[in-house]
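Structure first, commentary second.
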Amino acid sequence: MTDRIRDFLRVRRDLGQDEGPVMVLDLDVVRDNYTAFARSLPDTRVFYAVKANPAPEVLSLLAEMGSCFDTASVPEIEMALAAGATADRISFGNTIKKERDVVRALKLGIRLFAVDCQAEADKIARAAAEAGVATADVQVFCRILCDGAGADWPLSRKFGCVPEMAVDVLEHAHVQGLHAYGVSFHVGSQQANTEAWDGALASAAMIFRECALRGIGLSMVNLGGGFPTQYLKAVPGVESYGDAIFRALTKHFGNQIPETIIEPGRGMVGNAGMIEAEVVLVSKKSTAEDEVRWVYLDIGKFGGLAETMDESIRYRIRTEHDEDRMSPCVIAGPTCDSVDVLYEKQHYPLPVSLSIGDKVLIEGAGAYTTTYAAVAFNGFPPLRQIVI
Ligand SMILES: Cc1ncc(COP(=O)(O)O)c(C=O)c1O
C-alpha cells in the first residue's frame, strides 16, 4: 500500500466516511508503471487497454504522458478522446464489432482496427465506404490465437484465428483496399512466463513472410497485454518482459524488426488500486473443532471481484491482525447468491482474531474491478472508486 493511500484511508475513517467498500487508486503508481513500460520496451508504442480501468483521471494522465489507447467499444473511444488523446492514438482493438459502430469510430477519426476473420474485414471495408473514408487510410491487423498457457486469466479461443488463416484474412483485407498493417495476439492476462511471447512471434514472422510472398508488406506486430501485476504470487518485473520480447523479436525477425505495439491493462493499473472492505460476518457451518471459518465481506463477485471466478486471481488481503495466528477460511461476498464465494476450493489463511466490523485491505485491485461491479445486485451499489 502506498503512503498516499494509507493517509487517505486514515482521514476518511477519522471523518466517519468509511461506509461501504471503496477502491482507492494512486495515480503516482500509474505514472511509474507507464514510465517502466516505456523504458523496458523503448521502441514500442504503448496502447493502454482502457477496459482495465477507464477512470477519466487515469486516461488523462496517460494521454498527457504520451500513451495511446486500445479500446473495445465506441464509448471507450469517446472516453479516450475526452481525456485528450487524438484519434490517431486510438485503436479499436475488439475483434467483435457492430458495423454501425465501425462507422461511428471512423467518423470519430479512428483508423486502426483489429480483425480475426474475413467477415470482420468486410464490415470495415463497407463501413469505410459509408463513412466516406478511403479504405487505403484504414489500417487493420489480424489477431491470432494463443493458448494462454502460463496465464492466470487466459483469454481462450474466443479471439483470433490460426496463423495460417491470418494470411488469408490479411490478403482479403488487402484485396478490399484496406491497409493490411500487421498481426496481433494476446498471450493471456496475468502471464507469469516472460517467454510466452516467443511462440506467437514465431507465428507472426511466418505470417509476415507468407504475406510478402503474396505481395503484401506487413509492418506492425501488436504484442498485446498480459503483463502481470503483483497478487499473492511473485511475478517478474516489466524489464524481464522487455528483454525476453526483444530477444524473441530478434530471433524471429532478424534485422528486420517490425514496428511494435503493446496493450497493457492490468500491468498499468493493477498495483495502483487498493480496496478497503469490511467484515460483515464470521461464522462456522458446524461446531466441530476443525471446521473452517466463513468470512463474509461487504464485497464479493458482484461488487467488483469477478476475477475470483474459478479462484483465478488470488488477491493479497491484509488485516489489522496479521501478526496473529492464522487459520484457513472460506471468503465470501454479501449477496444472497450462492456463487458469491471468493475462495473456497483453496482456503485462505486469515487471522483467528479477525472479527465482525474489522476492515480488510485487498491489494492489487486497480484493474478489472470497478467496471465489473453489478449496478445494483441485491440492492448493493457498484464499487466506488476514488482516484488520488
Ligand atoms: C485486445 C486486448 N488488449 C489488451 C488487453 C489487456 O490485457 P492485460 O490486462 O492482460 O494487460 C486485453 C484484455 O482483455 C485485450 O482484450
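The values are calculated or read from the model by the stated rules, or taken from the named source; none is laboratory data. Predicted model, so just to flag it, every value in this text is computed and none were measured. Heads up, the Cβs are rebuilt from the backbone with ideal geometry, glycines too, and the neighbour counts pull from every protein chain shown.
The table that follows gives values for the structure above.
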| item | result |
| --- | --- |
| Whichever residue in segment 221-266 is away from the ligand (no atom under 16 Å from the Cβ) and of a type in the set (Lys, Arg) and, among such residues, is nearest to THR194 (Cα to Cα) | ARG247 |
| Selection within segment 143-200 - within 11 Å of the ligand (Cβ to nearest atom), touching a residue at least 12 places away in the same chain (Cβ under 8 Å) and of a type in the set (D, E, K, R) | ARG143, ASP152 |
| Segment 96-119 - residue that is crowded, with 20+ Cβ neighbours inside 10 Å and in contact (Cβ under 8 Å) with a residue 40 or more places away in the chain and, of those, farthest from PRO54 (Cα to Cα) | ASP116 |
| Any strands (runs of 3 or more DSSP E) falling wholly within segment 298-369 and containing at least 2 residues that are farther than 23 Å from ALA151 by Cα and among the aliphatic types (A, V, I, L, M) | 326-332, 359-362 |
| Every residue from segment 337-355 that is more than 15 Å from ILE299 (Cβ to Cβ) and surrounded by fewer than 19 Cβ atoms within 10 Å (Cβ to Cβ) | SER338, GLU344, LYS345, GLN346, HIS347, PRO349, PRO351, VAL352, SER353, SER355 |
| Residue, nearest to the chain's Cα centre (by Cα), within segment 86-100, restricted to residues that are within 16 Å of the ligand (Cβ to nearest atom) and among the small types (Gly, Ala, Ser) | GLY93 |
| Segment 35-65: number of residues that are within 10 Å of the ligand (Cβ to nearest atom), within 11 Å of ILE262 (Cα to Cα) and not aromatic (Phe, Trp, Tyr) | 1 |
| Selection count, segment 153-187, where residues are more than 24 Å from ARG126 (Cβ to Cβ) and at pLDDT 95 or above | 6 |
| Every pair of residues 6+ apart whose Cβ atoms lie under 8 Å, when the first sits in segment 361-382 and is more than 22 Å from PRO56 (Cα to Cα) while the second is modelled with pLDDT of 95 or more and hydroxyl-bearing (Ser, Thr, Tyr) | LEU361/THR319; ILE362/TYR315; PHE377/THR335; ASN378/THR335; PHE380/THR335 |
